[in-house]
Amino acid sequence: MDFNLERDLVFLDLEATGLNVVRDRIVQIAMIKYSAKGGEPRELDMLINPGIPISAEAMSVHGITPKDVANKPTFTQVAQEIFDFIGKADLAGYNSNRFDIPLLMEEFDRAGFEFDIDSRRTLDMQRIFYKMEPRTLKAALRFYCGKELEGAHDALADVRATVDVFKGQLKKYDGVDYEDGDGEITSAPIQNDMDAIHRFTNDNRFVDATQRMKRNPDGVVVFNFGKHIGKPVAATLAKDKQYYNWILNKEFSSQVKQIVKRLVKEYEQQA
């Protein structure tokens, strides 16, 4: 099956030193890029020296040791190559909205690159799977494709499996309606259309992957934490510059900081 693409689409998977998207670092990145113009997809796969210890828990999952990455480049050294490979493509992965994309944004930020996702669609195959058939990647590959996952938790093996799962999902749910927990029915949401998949796999209540901000019933972005919880972000921070600077200088994700800067700037321009 060929994807119906208006722009390039990059599937990605990261292995890391741990699960904290702000503090941890990438040890392996793999990507497969599909061009909107067609042709064979391109692959990129590299090990990366994280510059910090790899947790025992992470090593038990992906099997990448400090010795494996000791002589590999740092992310800063390969950031330009990765940035150029992605280009202006939309992004897709398995649990990528909550982990891979935010972690990649942090790495780019430390390397001096502003990696904007506001202009990109983000497609998360896990969100399709969890909504339609809540299981694991291994079970997804078996369920949709009749295949067994070999080399699990190797980034390139996982991203190849993710591509196969997405193709299987597009076939299985073609014309199938979705009913949520409140009985609301969405007519045939799984389509070979990246806008439709973006809408279906993203929770529009939350503005950032770490869920520090969300939209209230009126669509206004409000705080989801702290002393200003429930208050409008833009109006609050435009008046409370001390709190604004505190957010920009504390351990919040680069995505949160980008959104905060944009909201305050837009608010001040409209004032």
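Here are a few things to note about the model shown:
- Rounded, prolate or oblate (a/c below 1.5 giving rounded, otherwise prolate when a/b exceeds b/c) for region 213-270 by Cα gyration tensor: rounded
- The chain - share of DSSP beta bridges that are antiparallel (%, nearest 5): 70 percent
- Within the listed set 37, 88, 138, the Gaussian network model of the chain (springs between alpha-carbon atoms below 10 Å) gives the highest mean-square fluctuation for 37.
- Take the Cα of residue 110, step 7 Å toward its Cβ, do the same at residue 138, and the gap between the two points is 3.0 nm.
- Cα-projected label distance for residue 7 with residue 184, points at 7 Å along beta-carbon direction, nm: 2.6 nm
- Length released on extending from residue 72 to residue 52, taking residue separation times 0.36 nm less the Cα-Cα span: 5.9 nm
- Cα centroids of region 199-271 and region 41-88: 31 Å apart.
- In straight-distance terms, cross-link reach from residue 138 covers every one of the lysines whose alpha-carbon lies under 16 Å from its own, apart from those fewer than eight places away in the same chain; here that gives 147, 167.
- Ranked by how many other Cβ atoms sit within 10 Å of their own Cβ, fewest first, the residues 19, 14 fall in the order 19, 14.
Each reported figure results from applying straightforward, stated rules to the coordinates on display, with no laboratory input. Keep in mind it's a predicted model, so treat the numbers as computed, not measured. Neighbour counts are summed over all protein chains in view; Cβ atoms, including those assigned to glycine, are modelled from backbone coordinates with ideal geometry.
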